[in-house]
Every structure is written in C-alpha cells, then in structure tokens.
1. Would you check if there is a residue in the stretch 196-217 being hydroxyl-bearing (Ser, Thr, Tyr) and open to solvent by less than 40 Å² (accessible area, probe 1.4 Å)?
2. Can you confirm whether Leu301 is open to solvent by 30 Å² or more (accessible area, probe 1.4 Å), over 27 Å from Ser12 (Cβ atoms) and part of a helix (DSSP H, G or I)?
3. Among the residues that make up the stretch 52-69, is at least one of them hydrophobic (A, V, I, L, M, F, W, C) and in contact with an Asp or Glu (Cβ under 9 Å, 6 or more places away or on another chain)?
4. Considering only residues of the stretch 90-136 that are among the small types (Gly, Ala, Ser) and within 21 Å of Gly63 (Cβ to Cβ), which is farthest from the chain's Cα centre (by Cα)?
5. Looking at (1) among the aromatic types (Phe, Trp, Tyr); (2) crowded, with 20+ Cβ neighbours inside 10 Å; (3) over 28 Å from Glu131 (Cα atoms), find the lone condition where Tyr261 falls short.
6. Within the stretch 179-235, how many residues turn out to be part of a helix (DSSP H, G or I), of a type in the set (Lys, Arg) and touching a residue at least 24 places away in the same chain (Cβ under 8 Å)?
7. Has the stretch 137-153 got at least one residue that is surrounded by fewer than 16 Cβ atoms within 10 Å (Cβ to Cβ), within 22 Å of the chain's Cα centre (by Cα) and of a type in the set (A, V, I, L, M, F, W, C)?
8. Does at least one position in the stretch 270-285 carry a residue that is of a type in the set (S, T, N, Q), outside any helix (DSSP H, G or I) and in contact (Cβ under 8 Å) with a residue 40 or more places away in the chain?
Amino acid sequence: MPWLMETFGSSSALSLASRILVYSIAAASLNLVLGYGGMISLGHAAFFGMGGYAVGILYAHNGGDPFLGLIPGSNHLLVTLPAAMLLGGAVAALIGALSLRTSGVQFIMITLAFAQMLFFFFVSLKAYGGEDGIIIRRPNEFFGLNLRDRTTVWYVVLGFWLAFMLVLWRVIGSSFGAVLKGMKQNERRMAAMGLAPYRYKLYAFILSGMGAGLAGALMANLMRFTSPDMLHWTKSATLMTMVILGGVGTFFGPLLGAAAYLILETWLGGLTEYWQFWLGLILLAVVLGTKGGLVALVAGLWARLTGGARP
C-alpha cells in the first residue's frame with residue numbers, strides 16, 4: 001500500500017487506508033452480533049467512543065495525578081489498547097445484560113438510549129474537554145516507532161487488523177460461532193437443545209464491544225483526538241451502513257463496506273456538499289440490486305468470469 005501511494009503520488013491516501021482498516025474493525029465487531037447473531041444494535045458507538053476516551057483520559061493523566069486517584073496515566077500503546085478493549089467490553093456487558101432481556105424494536109431503542117446517555121455524559125464532562133473533546137498531542141509509544149509517520153502508522157494498524165481478523169475468524173468458525181448462527185435462525189430450537197440464548201448472546205455482545213473499543217483506541221491514535229462525536233448515534237448508524245453496504249453476515253463484508261463508504265465520502269465530499277444524498281442513492285442501488293451487498297456483487301462477477309465457480 002505505501003508503495004502504491006508513492007507510485008501514484010497520493011501519500012495522503014495512506015491515512016484514508018488506515019481509517020478504512022480501523023472502521024472495518026468496528027464494523028466487523030458490529031457484524032458479529034448483527035450478521036451472525038441477529039441482534040440489531042444502534043449502540044455500538046458507545047463502545048467505539050469508550051475506546052477512544054480510554055486513550056484520551058490515560059494520556060491526560062500521563063505524568064500527572066492518577067485517574068480517580070487509583071489508575072495511573074499512560075502513553076504506551078500496549079497499555080492503552082488493552083484498557084480500551086476492557087472498558088469497551090465492560091460497558092458492553094452492562095448494556096447487554098439489560099438490553100438482551102428484550103428483543104426487536106425494544107432492543108434497538110435500549111441500545112440507542114444507552115449510547116446517547118454516554119454521549120451526553122461526555123459532553124457535560126468539562127474535566128475532559130466537554131463537547132470539544134481531548135487533544136492527544138503525542139501518539140502512543142510503541143516499541144520506539146515513530147507513529148507520526150503515515151507509513152509506520154499504516155503498518156501498525158495493519159498488524160492489529162490482521163490479529164483482530166484472525167481472532168474473529170476463529171470465533172466465527174468455533175462451536176460458539178455455530179451456536180450464535182443457530183440462534184439467529186431459530187432461537188427457540190437452540191433453547192430446546194439445552195443452550196442458553198441469553199448467555200451466548202451476552203458473550204457475543206461483550207466480544208463485539210471489545211472489538212469496537214479496540215477500533216476506537218486505534219482511531220484516537222490515528223487522529224490524535226477524541227470527542228463525544230465518537231459516541232453519537234450517527235456513528236452507530238455509519239457502522240451499520242458499512243455492514244449493510246458490504247454484506248451482512250459475511251466475513252469480509254465490513255471491510256468492503258468501510259472502504260466503499262469512506263472512499264465515496266471522500267470523493268463525493270469533494271464534489272458537492274450534498275454528498276450524503278448521493279451516497280444514499282448508491283447505498284439503495286447496492287442493497288436493492290445485489291441482495292447481499294458488495295460481497296454478493298463481487299461473488300456474482302467472479303462467477304461470471306470463471307463460468308460459475310464462486311470464490
């Protein structure tokens with residue numbers, strides 16, 4: 001990727017490529033519960049934003065007073081990323097424990113309500129910038145690498161993306177993943193087999209929250225900034241749009257969806273201020289025309305080129 005960017009003389013596109021990987025982690029985390037578990041959540045921005053604030057708050061206390069008088073600050077990536085994942089998982093456990101007692105529209109609205117509660121909480125939290133957020137003047141340290149360099153950041157983000165996708169592949173392919181898919185198809189039948197739907201769905205929700213927290217922490221390092229906008233419900237809608245655009249319940253759908261969304265946002269935003277309108281039309285065309293997102297479109301094109309053999 002850096003070689004391609006240098007060849008075409010577009011080094012700024014490397015930052016866009018890094019953002020695509022980060023957002024694909026968040027979208028893949030949502031896809032775990034949405035595409036494989038059948039849980040339509042509009043609260044994943046909460047976990048994404050908590051990951052970002054974990055980095056920002058630890059940076060704010062680095063070299064100063066401990067957070068809450070107990071937790072020392074840090075500017076090391078190997079400290080802030082696990083902290084962001086733990087915080088995202090803890091918040092997901094709390095929200096999931098309550099919201100998963102419902103289903104359907106009630107579940108959607110409860111997850112949305114919790115995310116908005118956290119959004120307004122951080123807006124009112126003046127100690128950490130309020131609605132202006134936290135500026136992270138120096139990126140986290142990671143084995144002495146220069147994380148101000150776009151190429152270095154790209155390789156670091158790529159490494160975490162590969163690790164995350166490998167873990168996600170193992171989770172989806174495990175017996176736990178099989179149970180999750182079965183519950184999406186027929187929850188009553190799985191319960192009749194002696195499996196506890198609530199417990200499995202809660203575990204999936206926690207894992208999903210940890211993945212979104214990881215993405216939020218990487219985004220905070222990438223942008224060197226975190227704000228309540230990361231927790232707003234529109235961020236949850238953006239992640240859901242990426243999943244739907246790429247292909248719900250497909251492994252690489254979130255990556256394709258994140259890439260398509262961010263590239264179109266950048267390109268259309270440079271052409272018109274009404275880029276959301278045109279993006280909406282493109283989204284409608286993909287959803288209605290492919291019946292499976294970009295993954296289905298790519299699979300169909302591949303089948304035509306190879307005479308029916310699917311990838």
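1. yes
2. So Leu301 passes the test.
3. Within the stretch 52-69, none of the residues are hydrophobic (A, V, I, L, M, F, W, C) and in contact with an Asp or Glu (Cβ under 9 Å, 6 or more places away or on another chain).
4. Ala127
5. Failed condition: (3).
6. Final tally of qualifying residues: 4.
7. Checked the stretch 137-153: no residue is surrounded by fewer than 16 Cβ atoms within 10 Å (Cβ to Cβ), within 22 Å of the chain's Cα centre (by Cα) and of a type in the set (A, V, I, L, M, F, W, C).
8. No, the conditions are met nowhere in the stretch 270-285.
The values are calculated or read from the model by the stated rules, or taken from the named source; none is laboratory data. Note that the structure is predicted; figures quoted are calculated from it, not measured. Here Cβ is always computed from backbone atoms with ideal geometry, including for glycine, and neighbour counts include all displayed protein chains. Just the protein is used for accessible areas: all its heavy atoms, side chains included, with ligands, DNA and RNA removed. Shrake-Rupley method; radii C 1.70, N 1.55, O 1.52, S 1.80 Å.
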